[in-house]
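Each remark here refers to the structure printed beneath this line.
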Amino acid sequence: MDILVRPTPELKGEIQALSSKNYTTRYLLAAALAEGTSTIFYPAHSEDSDAMRRCISDLGATLDEDEEKIVITGFGAHPRDVKELNVGNAGAVLRFLMAVTALSPDVTFVNTYPDSLGKRPHDDLIDALQQLGVHVEHEQGRLPIRIQGGSPKGGHIQVSGEVSSQYLSALLFLTPLLQEDSHIEVLGDLKSKVVVGQTLEVLKQAGIHIEFQDDYVHFHVQGRQAYQPTTYTVQGDYPGSAAILAAAAVTRSDVTVHRLEEQSKQGERAIVDVLRMMEVPLTHDKGIVRIQSQGKLKAIEFDGDAATDAVLAMVAAAVFAEGTSRFYNVENLRYKECDRITDYLNELKKAGAHVEERQAEIIVHGRPEGVEGGVEINAHYDHRVIMALTIVGLGAKQPLRIRDAHHVAKSYPQFFEHMTALGALVEWVQE
Ligand SMILES: O=C(O)C1=C[C@@H](OP(=O)(O)O)[C@@H](O)[C@H](O)C1
Ligand SMILES: C=C(OP(=O)(O)O)C(=O)O
């Protein structure tokens with residue numbers, strides 16, 4: 001399904017932020033790795049979080065869900081012997097489960113998104129699992145991937161952090177369940193470091209003890225630990241809400257988003273600071289962000305690695321800013337659902353934005369007067385490209401048609417409903 005985004009000068013209204021995808025996937029996994037029954041309040045519903053639900057269920061967890069909560073009885077350190085797992089297009093779910101299935105005899109992760117997740121590299125995690133004695137068959141570091149684990153013991157593991165933090169997070173979920181202690185050493189410059197903070201927070205809530213220094217280079221993980229069944233509450237999602245807030249910033253608006261904790265460990269809460277730096281009038285108090293914008297923004301420079309999943313929305317806002325913005329330290333955007341530098345910038349250029357790429361940077365020459373639009377956008381299977389191009393479409397002179405915009409459901413299935421509620425002129429169109 002395609003979406004047609006028409007020029008929309010004004011947005012008004014209030015919405016509840018969707019629930020955090022990253023916390024939901026982590027809580028589901030921590031609950032599955034516990035023996036006993038855990039409860040998660042307000043879990044996210046999206047393709048990625050559903051992929052984790054499906055896989056932990058296949059691995060032997062029982063799930064019972066109503067409107068408000070999900071109750072999970074875990075399999076502890078003993079996942080059921082399954083032949084195949086399908087994670088859809090969910091990178092974090094794949095990486096976390098590649099590590100956890102080292103506890104299983106023989107599992108194959110199938111390749112259902114050859115043009116998206118199927119192209120993403122997992123070599124560094126494969127290498128780390130091999131150091132634990134796990135046998136891994138793979139297609140040059142890519143899906144399909146067969147993991148023959150059994151009973152890895154622990155020990156010294158080196159893992160590169162240069163491409164993704166998810167490899168380290170994956171090992172942090174696995175190692176407490178091994179027979180012996182593990183020492184994880186992170187090589188290179190760890191990307192998306194803040195997200196590892198979310199993993200450590202969740203592990204602590206699950207009663208897992210890990211010793212580490214603030215530089216996240218060395219982690220000492222005691223073996224034979226047990227995840228404790230407990231109660232979790234999922235906070236609002238900053239990466240998805242970043243798109244709503246950026247949309248409000250580039251229009252004349254009065255938009256309020258609830259459920260966005262000021263003290264959250266989600267790096268993408270930087271969207272609030274970035275919009276402030278762009279001189280967008282806003283307040284953030286008691287978990288409520290309110291933007292009252294005139295659609296006028298100033299260019300900024302920003303280290304995007306601190307807020308990796310909000311960078312595309314920030315760039316979309318910068319498309320309409322006065323001056324030249326620079327988002328640096330973002331090379332690992334190239335290894336996401338698509339190449340979020342080359343592919344994304346190509347789509348922005350089609351829409352009329354003036355953008356330039358470097359290997360690890362996005363440069364935006366702002367056009368406060370608006371962009372031309374009037375073109376068809378390739379979504380590249382990427383929910384964040386879809387949301388970002390929607391923001392650009394609001395400020396375009398002619399409508400933008402985003403092909404295959406249904407892939408927004410990877411993280412934010414109700415995104416267009418929320419945009420419509422705020423007054424955005426968006427409509428689904430059949431092929
Ligand atoms: O651990 C996680 O849940 C995630 C880590 C980040 O990936 P990288 O570490 O690959 O940057 C982020 O982009 C992704 O959406 C979710
Ligand atoms: C990159 C993302 O997710 P994942 O890596 O889990 O596929 C994302 O949500 O933007």
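The values are calculated or read from the model by the stated rules, or taken from the named source; none is laboratory data. Worth saying up front: this structure is predicted, and the values here are computed from it rather than measured. Every residue, glycine among them, receives a Cβ derived from its backbone with ideal geometry; neighbour counts consider all protein chains shown. Please note that ligands, DNA and RNA were not included when accessible areas were found on the heavy atoms of the full protein model with its side chains. Shrake-Rupley method; radii C 1.70, N 1.55, O 1.52, S 1.80 Å.
Some notes on this structure:
- The lysines within cross-link reach of residue 204, meaning a Cα-to-Cα straight distance under 19 Å and a gap of 8 or more places when in the same chain, are 21, 193, 265.
- Between residue 228 and residue 214, the simple label model (points 7 Å from Cα in the Cβ direction) yields a spacing of 2.7 nm.
- In percent, rounded to a whole number, the relative contact order of the stretch 21-230 is 19, using alpha-carbon pairs under 8 Å and six or more apart.
- For the stretch 52-140, size of Cβ-based charge dipole, Lys and Arg +1, Asp and Glu -1, in debye: 80 debye
- Per-bin percent of Cα-Cα distances, the stretch 114-154 [5 Å]: 6, 25, 30, 20, 12, 6, 2, 0
- Rounded percent of accessible protein surface that carbon and sulfur make up, the chain, 1.4 Å probe: 46 percent
- The chain, helix-only ellipticity at 222 nm - DSSP H runs n ≥ 4, -39,500 (n - 2.57), divided by all residues, nearest 500: -8500 deg cm²/dmol
- Cα centroids of the stretch 1-53 and the stretch 65-143: 20 Å apart.
- Averaged over its residues, the chain has an accessible area of 37 Å² per residue, based on protein heavy atoms and a 1.4 Å probe.
- Residue 427-residue 292 FRET efficiency (beta carbon distance; Förster radius 41 Å; 0.05 resolution): 0.95
- Accessible surface of residue 338, taken over heavy atoms with a 1.4 Å probe and every protein chain present, rounds to 10 Å².
- For the chain, the C-alpha radius of gyration sits at 0.96 times the compact-globule guess of 2.2 N^0.38 Å, with N the residue count.
- With eigenvalues of the C-alpha gyration tensor scaled by 5 and rooted, the stretch 21-230, Å: 22, 20, 17
- Accessible area of residue 298 in the full protein assembly, 1.4 Å probe (Å², nearest 10): 80 Å²
- Of the GluC sites (Glu not before Pro) found in the stretch 1-102, the ones in coil according to DSSP and having at most 11 other Cβ atoms within 10 Å of their Cβ are 67, 68.
- Computed extension gain for residue 365 through residue 68, at 0.36 nm per residue and net of the alpha carbon distance, reaches 102.5 nm.
- Mean separation of Cα contacts under 8 Å (6+ apart) over length of the chain, as relative contact order %: 20 percent
- Accessible area of residue 288 (1.4 Å probe, protein heavy atoms only, ligands and nucleic acids ignored): about 60 Å².
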